[in-house]
Amino acid sequence: MIFILEDDEGILSLVLYALNSANLKAKGFSLPSEFWEAMAKESPSCVVLDVMLPQEDGLSVLHKMRQNHKSKNIPVVMLTALGSEFDKIKGLDSGADDYLTKPFSALELIARIKALLRRSHTQNDCEMSYGDLKYSKTIHSVSIGGESLHLTLKEFELLGLLMSSTNRVFSREELLEIIWGYNISGTRTIDIHINTLRSKLGKYGKHIKTIRGVGYQFNTNA
């Protein structure tokens, strides 16, 4: 899920339409208070953030995100009319991952968001564990109780992504974009890979939960 905080209703509608047309699920907010309320319930995969906002400016929102351990690593694209070199440097130095000025190309915004999603995935933790389930990106291995599992590349990448953000729900469209880059058609591929991954994980398969109508998560409360 991608969050957009933008007080211009016309631009907000345009961005939402463009992202949804690209099969990237998105939610829009006109006020920072609405944005923070949603952030308390869900962690987005990326945030598109205006600078000039009511209640508090976008740089303040960005600063708060980077100070919070739950949101400090969420990719942020600043989308603003402030296009001077000084403004861009200020935004990037404040923790933004990218900076796009208005007027903008919707296709360029989509391309930049996709690039950030891919980069965010490749920067996930290299070594992770849950119980005696061990995941190592460094040596490309998954084991349970010291016994190695034989996963396909996509199964390995799926497990790594889900374990890197435990309890967060990934939509099927997000998984397609991050793991496959949309070089395939339909979300049935995701379901097939999840089912085979569950089978291979044995007792840990139950932790990969289906969220009906949305997607999947690695649930540590299962």
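Points to keep in mind about this one:
- Scoring Ser33 on the criteria (1) open to solvent by less than 10 Å² (accessible area, probe 1.4 Å); (2) at pLDDT 90 or above leaves a single failure, condition (1).
- From the options Leu151, Leu201, Leu161, residue that is part of a loop (DSSP other than H, G, I, E, B) and open to solvent by less than 40 Å² (accessible area, probe 1.4 Å): Leu151
- Failed item, numbered, when Glu127 is tested on (1) surrounded by 12 or more Cβ atoms within 10 Å (Cβ to Cβ); (2) at pLDDT below 90; (3) under 20 Å from the mean Cα position of the chain (by Cα): (1)
- Within segment 50-69, the set of residues being of a type in the set (A, V, I, L, M, F, W, C) and either at positive phi or within 15 Å of the chain's Cα centre (by Cα) (or both) comprises Met65 only.
- Filter result for Thr210 (at pLDDT 90 or above, open to solvent by 10 Å² or more (accessible area, probe 1.4 Å) and β-branched (Val, Ile, Thr)): yes
- Taken together, the criteria exclude Ser60 from residues that are small (Gly, Ala, Ser) and either part of a strand (DSSP E or B) or surrounded by 15 or more Cβ atoms within 10 Å (Cβ to Cβ) (or both).
- Segment 86-105, subset surrounded by 15 or more Cβ atoms within 10 Å (Cβ to Cβ) and assigned to a helix (DSSP H, G or I), residue farthest from the chain's Cα centre (by Cα): Asp87
- For segment 111-125, the criterion of being touching a residue at least 40 places away in the same chain (Cβ under 8 Å), farther than 21 Å from Ser164 by Cβ and in contact with a Gly (Cβ under 9 Å, 6 or more places away or on another chain) is met by none of the residues.
- Any hit, segment 19-27, residues being more than 21 Å from Ala111 (Cα to Cα), out of contact with any Lys or Arg (no Cβ under 6 Å at 6 or more places or on another chain) and open to solvent by 30 Å² or more (accessible area, probe 1.4 Å): no
- From the list Met65, Met39, Met78, the lone residue that is open to solvent by less than 20 Å² (accessible area, probe 1.4 Å) and within 27 Å of Gln217 (Cα to Cα) is Met65.
- Hits in segment 28-51 (condition: part of a loop (DSSP other than H, G, I, E, B), in contact with an Asp or Glu (Cβ under 9 Å, 6 or more places away or on another chain) and in contact (Cβ under 8 Å) with a residue 60 or more places away in the chain): Ser45
- Count - residues of segment 1-16 that are in contact (Cβ under 8 Å) with a residue 40 or more places away in the chain, open to solvent by 20 Å² or more (accessible area, probe 1.4 Å) and in a helix (DSSP H, G or I): 2
- Residues within segment 17-27 that are of a type in the set (Lys, Arg) and part of a loop (DSSP other than H, G, I, E, B), tallied: 1
The values are calculated or read from the model by the stated rules, or taken from the named source; none is laboratory data. Model, not experiment: these values are computed from the prediction. Every residue, glycine among them, receives a Cβ derived from its backbone with ideal geometry; neighbour counts consider all protein chains shown. Areas reflect the complete protein model, heavy atoms only, side chains present, ligands, DNA and RNA absent. Shrake-Rupley method; radii C 1.70, N 1.55, O 1.52, S 1.80 Å.
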